[in-house]
Amino acid sequence: MKNYVIALDQGTTSSRAVLVDKKGIIQGVAQEEYPQHYPKEKWVEHDPLDIWNSQINMFRELLETKKVSLDDVAALGITNQRETTILWDRKTGEPVYNAIVWQCRRTADFCQQLKKWGLEEKVQSKTGLKIDAYFSASKIRWILDNVGGAREMAERGELCFGTVDTWLIWKLTGGKVHVTDYTNASRTMLYNIHDLAWDKELLELMEIPRAILPEVKGCSEILGMTDKKVCGAEIPIAGLAGDQQAALFGQMCLGEGCVKNTYGTGCFMLMNTGEKPVHSENGLLTTIAWGRNGKITYALEGSIFMGGAVIQWLRDNLGIISSAPECNRLAETVEDTGGVYLVSAFQGLGSPYWDMGARAGIVGLTRGANKAHICRAALESIAYRTREIVEVMEKDSGLKLQSVKVDGGASRSNILMQFQSDILDTEVVRPASIETTALGAAYLAGLAVGFWESVEDLKVIWAEDRCFEPAMTEKRREELFAGWNHAVGRCLDWEE
Ligand code: ADP
């Protein structure tokens, strides 16, 4: 009997390895940040070898510091930053270019062109996505068009494309396995989420050769074995999901209508919509939540680019706080924002607006406004953006939100969570462990190898830390939200 599964959690700023025991309790974490590259304004890249080295080093460090033998590891689960795009030489394993990160906007003009050609409806009906530079397709095309020889190599079948999961599995298996899973495939803008196949028409439209694409697998099955030379032993890689989907699973949002919101750098709210993909009329994404045991579960997703990052902006760019907890302490010194709103459209606004020309603003300032009001407005902005998502999610799905399970760094903020509950008029439930992304990947892997028998074993593991109940009058709530809408109106469509 083996005692552990390990989750590899490859995030945008750091790589983590997480040791999970049979009780679903995290027994150890190794984490390392790795370099970000900004070669031009609005461009974001990672070196694929930094991604790999930091990830494998954290795996080794975790084993060493926790004194865990590989014989005691039942399986590996992987979860990853989504959409980030890597192309490498199938023979040598050498990347032909840096990883183009999900945040990178270099292909925004091309995506605008696709919209002008009237392709939005077609793309949404096949992939569930809005046409946007955020997804992998236009990033792949950029590499093929801009790296010397890449297109020819791709056409000869000599290149592999992968999102970060695919790249890690390729490296972990010593170049033997080229796969991804439904969740990551569903973020490429090339995958038909109804037919469950790479879409020929979109591939032609984007001029991407089929030969570079990985095989798409389930999220909870053996995808390959680690190479002994690389990892020290052959361990099944048995769980895989993009970070937000892994968090949905880790939060045990297994039933239709269950919702989680992750308050990390950005905020990502996902609603499990069961076996049917719900088409959004209101700027949400339709995506695959997971595929396991031959069944696909779908989700609606709302993406907010600036979540906890707005607190970092107060700290690093304005310098009015020295840490995130200080933001909470200051915000607590005032009863309300005194009419101040901070609209965090620093990178445009995602769902439900998808207005890339929107820009941030702090409005409603009076002579009496001070940094405590701004801190409070920054925290509240995260909650208001979430309410905007919830409103359209309810409309699209026809389901009424019962409660929201929360996780991510900024879910530690009690003042934010209480305001979130107030402004949504819904209970907000924070679990004992907010490491739900890693847990989701570990659970998917453990289920595949019989480490856990069924999800019933896992449901009993999930434990609540605190439930925030709404305590605001209807009148106040709607007044505040009307003020927010007024403020957003000032920030939309600011740049071309
Ligand atoms: P990611 O996985 O996207 O890197 P995390 O889940 O680690 O993000 O969360 C980091 C974010 O959480 C940061 O943007 C930070 O500002 C915010 N954060 C961390 N601790 C707190 C806190 N106590 N109160 C409010 N925000 C916080």
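Worth a mention:
- Estimated vicinal HN-Hα couplings, Hz - region 401-412 in sequence order (Karplus 6.51, -1.76, 1.60; Gly, Pro = x): 5, 9, 7, 10, 8, 10, 7, x, x, 6, 6, 5
- Ellipticity estimate at 222 nm from DSSP helix runs (n ≥ 4, -39,500 (n - 2.57)) divided over the chain, nearest 500: -10000 deg cm²/dmol
- The stretch between residue 459 and residue 147 holds 107.5 nm of extra length on full extension. This uses 0.36 nm per residue minus the Cα-Cα distance.
- Residue-wise HN-Hα coupling along region 48-57, computed from phi with Karplus coefficients 6.51, -1.76, 1.60 (Hz; x: Gly, Pro): x, 6, 5, 4, 5, 4, 5, 5, 6, 5
- Prolate/oblate/rounded call for region 433-496, Cα gyration tensor, a/c under 1.5 rounded: oblate
- Fewest-first ordering of 181, 396, 457 by other beta carbons within 10 Å of each residue's beta carbon gives 457, 396, 181.
- Remark on residue 223: its backbone amide H falls under 5 Å from those of 237, 238, a criterion applied only to residues 5 or more positions apart or on other chains, H modelled at 1.01 Å from N.
- Taking every alpha-carbon pair under 8 Å whose residues sit at least 6 apart, region 1-159 reaches a relative contact order of 21 percent.
- Length-normalised contact order of the chain in % [C-alpha pairs under 8 Å, at least 6 apart]: 14 percent
- Separation of region 409-464 from region 357-373 is 34 Å, based on Cα centroids.
- Order of 375, 467 - criterion: other Cβ atoms within 10 Å of each residue's Cβ, fewest first: 467, 375
- Between residue 472 and residue 234, full extension at 0.36 nm per residue minus the direct alpha carbon distance yields a gain of 80.1 nm.
- DSSP beta bridge pairing in the chain, given as percent antiparallel to the nearest 5: 70 percent
- Among the lysines of region 126-226, pairs at least eight places apart or on separate chains and with Cα atoms under 21 Å apart come to 9.
- Separation between Cα centres of region 189-239 and region 1-50, rounded to whole Å: 20 Å
- Overall form of region 210-332 per C-alpha gyration tensor (a/c, 1.5; a/b vs b/c): oblate
- Between the residues 426, 166, 97, the greatest Cα displacement towards the positive end of the dipole of the chain, with unit charges on the Cβ of Lys, Arg, Asp and Glu, is found for 97.
- For the pair residue 403 and residue 120, label points projected 7 Å from Cα toward Cβ lie 3.8 nm apart.
- Size of charge dipole - the chain - debye, nearest 20, with Cβ of Lys, Arg +1 and Asp, Glu -1, no other charges: 340 debye
- In order along region 174-180, the Karplus-derived 3J(HN,Hα) couplings, from 6.51 cos²θ - 1.76 cosθ + 1.60 at θ = phi - 60°, round to x, x, 8, 10, 10, 9, 9 Hz, and Gly and Pro are given as x.
- Residues with amide H under 5 Å from that of residue 356, placed H, sequence gap 5 or more: 349
- Relative contact order (percent, whole number), region 318-389, Cα cutoff 8 Å, 6+ residue spacing: 39 percent
- Computing FRET efficiency as 1/(1 + (r/R0)^6) for residue 71 and residue 23, where r is the C-beta to C-beta distance and R0 is 30 Å, gives about 0.90.
- The amide H of residue 198, built 1.01 Å from its N in the peptide plane, has 192 as neighbours under 5 Å, considering only residues 5 or more places off or on other chains.
- Shown is the FRET efficiency for residue 482 and residue 320, computed with R0 = 22 Å from the Cβ-Cβ distance and rounded to the nearest 0.05: 0.20.
- Listed residue pairs exceeding 30 Å between alpha carbons, taken from 67/229; 276/475; 2/228: 276/475
Readers should treat all values here as calculations from the given coordinates under stated rules, not as data from a laboratory. Being a predicted model, the structure only gives us computed values, none of them experimental. When we count neighbours, we look across all protein chains shown, and the Cβ atoms used for this are built from the backbone with ideal geometry, even at glycine.
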